[in-house]
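As structure tokens, the structure follows; a few thoughts come after it.
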Amino acid sequence: MFRHVYVLSLLVLLAINTVSAVDYTVTNRATATAGGARFITDIGVDYSKQTLASATDFIWETFQQTNAADRKNIQTVNLFIDVMDGVAYAVNDEIHVSDSYIASYSGGLIEGIADFVRLKANYAPSHWVQPGQGDRWDQGYDVTAKFLDYCNDLRNGFVAELNKKMMTGYSAQFFVDLLGKTVDQLWTDYKARLNDFDSCQQQLIENVQGFSALYLVDLLGKTVDELWIDYHGRKIEQLR
């Protein structure tokens, strides 16, 4: 279930390099470690390449690099999962990600951060959940992405700041530090706000569906057809 653990790091590193890559390679050099094994089972090479490609497109759009001439001429980006401290770094056409970083994080939140990037890059598939849906804030993927989008609306740049705080580990206190509420309180507010919106929407639909022409008779003493005739008669008198 843990697939996108390194996505924002990759996004930042690609932004620094602003490459024009057309090919991506992925090499796991930490297969004997917990992080390397987790990469194999929960992330995978194919999804890594897909994420790199999506992140590159996002960078090009964000920095308005619409032409190849605007980008650094690197034809291949090589991603390595290495046994090392820290999180990740980039040098030339290589991105190196720490195996311990991959091993240490809660899957649901990182999946949500990754899909938040896809959401903001307009790569969200049509089958994703609607805002307010889901059972837990850390359910992962689209559920958590939509929740993070709500949090980001409360404080512009929240997700970027959260990611920065998570460079050396995760704490639920980060939500309190940035938004003044626990993550559980924020989830409750998020669900309540969307439920209130749904209730208002349903009430509006019911009011429209429940409209009766008799309301006009009660209020104005005439049917809607009679009022329409009077309206046009008044227009004709104005033209004479």
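Just so it is clear, none of the values below were taken in a lab; they were calculated from the coordinates. Please read these numbers as outputs of a predicted model, since none were measured by experiment. Glycine also receives a Cβ, built like all others from the backbone with ideal geometry; neighbour counts cover every protein chain displayed.
Taking the Cβ of Tyr24 as the centre, find all other residues whose Cβ is under 11 Å away and add up their charges (Lys, Arg: +1; Asp, Glu: -1). Residues near Tyr24 contribute -2 overall.
Exceedance of the 22 Å cut-off in Cα-Cα distance is limited, within the set Lys120/Lys164; Lys165/Lys191; Lys120/Lys165, to Lys165/Lys191.
Cβ crowding within 10 Å ranks Trp60, Trp137 as Trp60, Trp137, fewest other Cβ atoms first.
Summing charges over neighbours of Leu179, with a neighbour being any other residue whose Cβ is under 13 Å away from its Cβ, gives -2 when K and R count +1 and D and E count -1. The amide H of Asn28, built 1.01 Å from its N in the peptide plane, has Ile81 as neighbours under 5 Å, considering only residues 5 or more places off or on other chains. Ordering Asp177, Asp135, Asp82, Asp42 by the number of other Cβ atoms within 10 Å of each residue's own Cβ, fewest first, gives Asp135, Asp177, Asp42, Asp82.
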